[in-house]
Amino acid sequence: MQLARVVGNVVATQKHPKFEGAKLLLVQPIGLDDMPRGTTLLAVDSVGAGVHEKVLVVIEGRAAGEALGRKVAPVDAAIIGIVDRVDIAE
Amino acid sequence: MQLAKVIGDVVATQKDANLNGLRLMVLQPLGPDLKATGRTLVAVDAIGAGVGETVFFVRGKEASFPFYPQDVPTDAGIVGIVDQVSTS
């Protein structure tokens, strides 16, 4: 799983039926220092995340489909938690 | 599977219901010399690892197998605590 920041919403009217009712968010993976790392990607959200929130993202197909609660869904990333706190040992 | 050091943990109250009760740990992957290499990531803990420990973890859907038949939505999981690594 990766830490990421939600940076936007995505609206798509014409999409695969498995996406019906799913919320699509644009997320920017971040490092432990909160700095952007890599390219932004689209993730389905089932935990009610919003723009500016720090989240946990799975970037793997079947795990993402499970988060969505749908089998064989054509997704490869999902938000599975909203981060309250990250504690790093010195 | 890959070696890593547990360097922290993540607290998330609002999360997928299948993650309830699981611990989310921040991992720094390690090379064969046990030096940090590559990007940090977050993994579910299947064996009771703690911060500061050297562990090995698995990537991919297989990371959820320790919790089978529960469908845990994870792509990385800690599956062993390393006692010792020898390289020649």
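The values are calculated or read from the model by the stated rules, or taken from the named source; none is laboratory data. Values in this document were obtained by computation on a predicted structure and should not be read as measured data. Don't worry about glycine lacking a Cβ; one is built from the backbone with ideal geometry, like all the others, and counts go over all protein chains shown.
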Pull out all pairs, ordered by first then second residue, where Cβ-Cβ is under 9 Å, the residues are six or more apart or on different chains, the first lies in the stretch A:1-21 and is over 30 Å from A:Asp34 (Cα atoms), and the second is surrounded by fewer than 16 Cβ atoms within 10 Å (Cβ to Cβ) and β-branched (Val, Ile, Thr).
A:Lys18/A:Val72
Considering only residues that are in a loop (DSSP other than H, G, I, E, B) and within 7 Å of another protein chain (Cβ to nearest Cβ), which ones fall in the stretch A:38-57?
A:Ser46, A:Val47, A:Gly48
I want to confirm something. Restricting to the stretch B:14-40 and keeping residues that are on the phi > 0 side of the Ramachandran plot and of a type in the set (Gly, Ala, Ser), which single residue is modelled with the lowest pLDDT?
B:Gly38
So which of A:Val55, A:Val11, A:Val72 is of a type outside the set (Ser, Thr, Tyr) and modelled with pLDDT of 90 or more?
A:Val55
A:Glu60 vs (1) within 15 Å of B:Val26 (Cβ to Cβ); (2) facing chain B (nearest Cβ under 9 Å); (3) not basic (Lys, Arg): all pass except (1)
Mind checking which residues of the stretch A:32-53 are small (Gly, Ala, Ser) and within 21 Å of B:Lys15 (Cβ to Cβ)?
A:Ala43, A:Ser46, A:Gly48, A:Ala49, A:Gly50
Among the residues in the stretch B:34-50, are any farther than 27 Å from A:Gly38 by Cβ and touching a residue at least 40 places away in the same chain (Cβ under 8 Å)?
yes
Can you name the number of the only condition in (1) in contact (Cβ under 8 Å) with a residue 12 or more places away in the chain; (2) crowded, with 16+ Cβ neighbours inside 10 Å that A:Gly48 fails?
(2)
Scan of the stretch B:36-86 for residues that are acidic (Asp, Glu), more than 7 Å from chain A (Cβ to nearest Cβ) and in a loop (DSSP other than H, G, I, E, B), ordered by number:
B:Glu53, B:Asp83
